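Enquirer: Here you go, one structure.
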Amino acid sequence: MADLSARDVDRASFAFSIYDFEGNGTVDAFYIGDVLRALNLNPTLAVVEKMGGTKKKNEKKLKLDEFLPIFSQVKKEKESGTYEDFLECLKLYDKAENGLMLSAELSHTLLSLGERLTDVEVESIMKDCCDPEDEDGFIPYAPFLQKMVAGPFPEPPPEEKKE
């Protein structure tokens with residue numbers, strides 16, 4: 001692939017090999033989204049499906065040379081929002097303009113907008129990423145967003161890093 005560096009191809013090969021559960025050089029198309037996410041990309045379910053991902057296991061297998069163009073294409077797409085984009089959206093719920101929104105509104109938003117999450121997923125996200133509610137049910141939304149966009153393995157704050 002002319003638009004992928006040698007390092008990108010190596011990274012893609014490694015991630016691909018992790019999902020080659022049978023050891024035969026193929027990955028089930030059901031796992032394409034997972035392989036892309038392992039490569040620090042964040043494709044939506046619609047993008048994964050458009051690129052050939054399947055909703056059921058064992059419908060289709062892909063070889064590495066079939067996966068690399070998918071990786072290249074998804075890497076080029078810049079559809080995912082940034083921290084600033086999401087912050088502007090949540091400011092719509094900040095009626096007092098004090099950096100707080102109702103926890104229930106955030107939960108409802110996660111349940112009903114975009115690629116909808118399940119109740120269990122929302123509960124887990126709220127538990128892991130939200131500061132405690134105040135006595136009126138409000139939470140600061142900026143720290144929530146910072147934790148969300150940092151991903152599942154954020155860098156520890158500088159004071160917590162061990163040298």
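Enquirer: Could you list, in sequence order, the residues of the range 41-84 that are buried (at least 16 other Cβ atoms within 10 Å of the Cβ), among the aliphatic types (A, V, I, L, M) and outside any loop (DSSP other than H, G, I, E, B)?
Expert: Listed by number, the residues that qualify are Val47, Val48, Leu62, Leu64, Leu68, Ile70, Val74.
Enquirer: Considering the range 60-106 alone, what residues qualify as being in contact (Cβ under 8 Å) with a residue 40 or more places away in the chain and either in contact with a Cys (Cβ under 9 Å, 6 or more places away or on another chain) or on the phi > 0 side of the Ramachandran plot (or both)?
Expert: Of everything in the range 60-106, just one residue is in contact (Cβ under 8 Å) with a residue 40 or more places away in the chain and either in contact with a Cys (Cβ under 9 Å, 6 or more places away or on another chain) or on the phi > 0 side of the Ramachandran plot (or both), namely Gly99.
Enquirer: Which residues, counting only those in the range 11-40, are surrounded by fewer than 18 Cβ atoms within 10 Å (Cβ to Cβ) and not in a loop (DSSP other than H, G, I, E, B)?
Expert: Across the range 11-40, the qualifying residues are Arg11, Ser13, Phe14, Ser17, Ile18, Asp34, Arg37, Ala38.
Enquirer: Name the single residue, out of those in the range 1-10 being of a type outside the set (A, V, I, L, M) and in contact (Cβ under 8 Å) with a residue 60 or more places away in the chain, that is surrounded by the fewest Cβ atoms within 10 Å (Cβ to Cβ). Steps first, please.
Expert: Keep residues of the range 1-10 that are of a type outside the set (A, V, I, L, M), which gives 3, 5, 7-8, 10.
Then drop every residue that is not in contact (Cβ under 8 Å) with a residue 60 or more places away in the chain, which leaves 3, 8.
Numbers: Asp3: 11, Asp8: 16.
Residue satisfying both the conditions and the ranking: Asp3.
Here, each number is a calculation from the coordinates, and none is a lab measurement. All values reported here derive from a predicted model rather than from experimental measurement. Every residue, glycine as well, gets a Cβ built from its backbone with ideal geometry; the counts of neighbours run over all protein chains shown.
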